[in-house]
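Below: one structure, written as structure tokens.
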Amino acid sequence: MRVACLGSSILPASQNQFEPVAISILKKLNLTQKEPFCKRNMSSVHGGNADFRKNFLIKKEYPVGPHKKLPPFVKHKDKRTGEVRQGKWENYKYKVHYPEDGKYTIKKLELTKLGGRDQVTGRKIIGMWGGGNKQKARWVDWRRLPADWDLQGPDLVERIVNICYDPMRKSKLALTGYGEKMRWQIATSSMEIGDLIRTSGKIPPNPIRPKEGDSHPLGALPPGTDICLVQWPSPDSDEVKIAGMNNGRTILLLDF
């Protein structure tokens, strides 16, 4: 069977008797004209800017102007308005994957390196970051006294089980235990395996003679005592202020 012409007929539709037959033949031969290809305006390999979404949480859209994040403590002055912005501190190095149930564990936690990128948008904020060896995180318990511990009761005495290197910080970590519980804590320079460290919540009338590694309220320490960690502002708070990375700080005067 031969098809004489594949184009449209010049006769009117009512006089074109062979048009339905020709279309059926073309469908069988799969020669019908396909729908026109809708070309999308691709400005980048990440999806283009055809939608122009204003939600900068989507990776397709690049935050511009005042919405663009700055590196921590880096200032930028807008030439048009004269407004000065300063980047806020955020963690652009790594993201720790804690257990879903939120229960404390001494096991090593999985870690995702961000390489200077934002955790939400994935945009590069800090350059020259990235790479390195694979690392594991340890869950440090910053609260020396547990929340259910009686402050006026007996002191908490723990034994140092092990002292390990921590890739996340300069100081080493001490694995301590009491009863049936174990936890990671920041180790001091003179800690050794087998030592006992004491944590007290009482303030005696007279200042005590502290021992390195022990924890006491600031009111119980005499002036001139070197400290390295301060739990602030109360024993009910999890916020801990590191008073120094190298040599710590010294109590000069206590005024209540």
Entries in LYS88/LYS124; LYS103/LYS181; LYS75/LYS124; LYS113/LYS134; LYS95/LYS181 that, when Cα-Cα distance is taken, lie over 20 Å: LYS95/LYS181
Kirkwood hydrodynamic radius of the stretch 139-178, from inverse mean 1/r over distinct Cα pairs, in Å: 12.0
Residue-span extension gain [LYS88 to ARG169] - 0.36 nm each, minus C-alpha spacing: 27.1 nm
Two-decimal Rg to Rh for the stretch 69-138 - Kirkwood Rh, Cα set: 1.13
Diffusion constant of the stretch 81-223 at 20 °C, which comes from Stokes-Einstein with the Kirkwood Cα-pair radius and 1.002 mPa s, µm²/s: 117
Proxy reagent accessibility, fewest Cβ within 10 Å first, across GLU158, GLU192: GLU192, GLU158
Kirkwood estimate for the stretch 180-236, i.e. one over the average of 1/r between Cα atoms, Å: 12.9
Charge dipole magnitude, Cβ of K and R +1, D and E -1 - the stretch 69-138, Cα centre, debye nearest 20: 240
Protection proxy ranking, peptides 198-211, 170-183, average beta carbon neighbours within 10 Å, highest first: 170-183, 198-211
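Computed from the coordinates by the stated procedures, all read-outs in this text should not be read as laboratory data. It should be emphasised that the depicted structure is a prediction, and the values quoted were computed from it without experimental measurement. Here the Cβ is made from the backbone with ideal geometry for all residues, glycine too, and neighbour counts use every protein chain on show.
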